[in-house]
Amino acid sequence: MKPDVTAFFDEATNTVSYVVKDPSGRACAIIDSVLDFDYASGRTDTKSADEIIAFIEAGDLDVQWLLETHVHADHLSAAPYLQERVGGKIGIGDRIQVVQDTFGKVFNEGTEFQRDGSQFDRLFAQGDTFMIGQMRGDVLHTPGHTPACLTYVIGDAAFVGDTLFMPDFGTARCDFPGGSSEVLYNSIQKILALPDETRIFVCHDYKAPGRDSYAWETTVGAQKTGNVHIGEGNDRDSFVKMRDARDAKLAMPRLIIPSLQVNMRAGQMPPEDEQGNVFLKVPVNKL
């Protein structure tokens, strides 16, 4: 089955969100949504999410899932806002518990912060399936960037999160806590084992040098032959050496501190204080 895929690009965070629709009906899923956040003022905005809502309402679509490929470190999820407006169950990988335990300690969240993934409606494991109307989705556990990363294979389309970028940009960084270049290499092989004609939809694009426009759709075949990090001729040892050296030079994402605190809570803000105020913490020398 070939799902209808509509992309929404947020240039502020270089994030691509998707509405994936069953071509035979109204059912759809939203993948990797964005809640706009201005770090300087601490203010949120729903402009990006509202564009998706307008699309859903214009097409009279039935949102069944709000899927996260992983706990994003570069943007905040709008899943709770979308759920309130258009419905759907929030899903993520079951290894979210590892991520919550790791960053619960980094942000000193205390015992009141649940580290069992209960903030999400569904925790997916390798080999799980789910339905979007009459269309089946299959779950691949593809860690390496983070322990909880998933690839959702829906019909002829694979939504790979940050595991892969466009072929001319390469692969995800692996230097976050719980990341591993060796594990990422193995995860990528799972994706490349899909049929060559499988459409791949990436979560971010940064316009590789020499490319004038943003892009987010490619194929398994194109990744096999043309990915600058894992294409033909790049074996495991050379990949690990390249990836580790490259990651050592990368700065932390601009929104990593607010993103992690919100996204490990399924897009919810930390609890209000007694006066009804919400605060995000800035850990010093922890990341």
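The values are calculated or read from the model by the stated rules, or taken from the named source; none is laboratory data. Predicted model only: the values in this text are computed from it and were never measured. We place every Cβ from the backbone using ideal geometry, glycine too, and count neighbours over all the protein chains shown.
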query: Inside the range 202-230, can you point out the residues that are without any contact (Cβ under 8 Å) to a residue 60 or more places away in the chain, more than 27 Å from A12 (Cβ to Cβ) and touching a strand residue (DSSP E or B) at 6+ places or on another chain (Cβ under 9 Å)?
result: T219, A222, G226
- prompt: Filtering the range 226-254 down to residues that are small (G, A, S) and part of a loop (DSSP other than H, G, I, E, B), which residue is farthest from K286 (Cα to Cα)?
  reply: G233
message: Here's a check for you: in the range 34-45, which residue that is out of contact with any Phe, Trp or Tyr (no Cβ under 8 Å at 6 or more places or on another chain) and in contact (Cβ under 8 Å) with a residue 60 or more places away in the chain is farthest from G161 (Cα to Cα)?
response: G42
- request: Sort through L192, L164 and tell me the only one that's touching a helix residue (DSSP H, G or I) at 6+ places or on another chain (Cβ under 7 Å), at pLDDT 95 or above, surrounded by fewer than 20 Cβ atoms within 10 Å (Cβ to Cβ) and aliphatic (A, V, I, L, M).
  value: L192
query: Just a yes or no: is a residue in the range 262-272 in a loop (DSSP other than H, G, I, E, B), among the small types (G, A, S) and buried (at least 16 other Cβ atoms within 10 Å of the Cβ)?
result: yes
statement: Condition set surrounded by 24 or more Cβ atoms within 10 Å (Cβ to Cβ) and among the hydrophobic types (A, V, I, L, M, F, W, C), scope the range 12-30, selection farthest from the chain's Cα centre (by Cα): answer is C28
query: For V153, are the conditions met, namely being modelled with pLDDT of 95 or more and closer than 30 Å to R246 by Cα?
result: yes
Identity of the residue in the range 208-221, under 21 Å from the mean Cα position of the chain (by Cα) and modelled with pLDDT of 95 or more, that ends up farthest from V34 (Cα to Cα): V220
- prompt: Of the residues that make up the range 155-164, is at least one out of contact with any strand residue (DSSP E or B) (no Cβ under 7 Å at 6 or more places or on another chain), assigned to a loop (DSSP other than H, G, I, E, B) and more than 27 Å from D36 (Cβ to Cβ)?
  reply: no
Selection status of E51, surrounded by fewer than 21 Cβ atoms within 10 Å (Cβ to Cβ), closer than 30 Å to N277 by Cβ, of a type in the set (D, E) and out of contact with any helix residue (DSSP H, G or I) (no Cβ under 8 Å at 6 or more places or on another chain): yes
Candidate set from the range 31-43 (those that are surrounded by fewer than 18 Cβ atoms within 10 Å (Cβ to Cβ) and under 21 Å from the mean Cα position of the chain (by Cα)); member that is farthest from Q261 (Cα to Cα): D38
statement: Residues of the range 175-204 being within 23 Å of G91 (Cα to Cα), part of a loop (DSSP other than H, G, I, E, B) and not β-branched (V, I, T), in sequence order, are F176, P177, G178, G179, L194, C203
task: Residue by residue through the range 70-87, note down the ones that are out of contact with any Lys or Arg (no Cβ under 8 Å at 6 or more places or on another chain) and of a type in the set (D, E).
output: E84
query: Within the group D121, D138, which residue is over 26 Å from P253 (Cα atoms), in contact with a helix residue (DSSP H, G or I) (Cβ under 9 Å, 6 or more places away or on another chain), acidic (D, E) and surrounded by fewer than 19 Cβ atoms within 10 Å (Cβ to Cβ)?
result: D121
field: Selection from the range 195-225 of residues that are under 21 Å from V153 (Cα atoms) and either of a type in the set (A, V, I, L, M, F, W, C) or surrounded by fewer than 14 Cβ atoms within 10 Å (Cβ to Cβ) (or both)
entry: P195, D196, E197, I200, F201, V202, C203, A215, W216, V220, A222, T225
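Each row is one residue, and each column tells you yes or no for (1) under 16 Å from the mean Cα position of the chain (by Cα); (2) farther than 19 Å from A73 by Cβ.
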{"residue": "P177", "(1), (2)": "no, no"}
{"residue": "S187", "(1), (2)": "yes, no"}
{"residue": "N227", "(1), (2)": "no, yes"}
{"residue": "G231", "(1), (2)": "no, yes"}
{"residue": "Q261", "(1), (2)": "yes, no"}
{"residue": "V284", "(1), (2)": "no, no"}
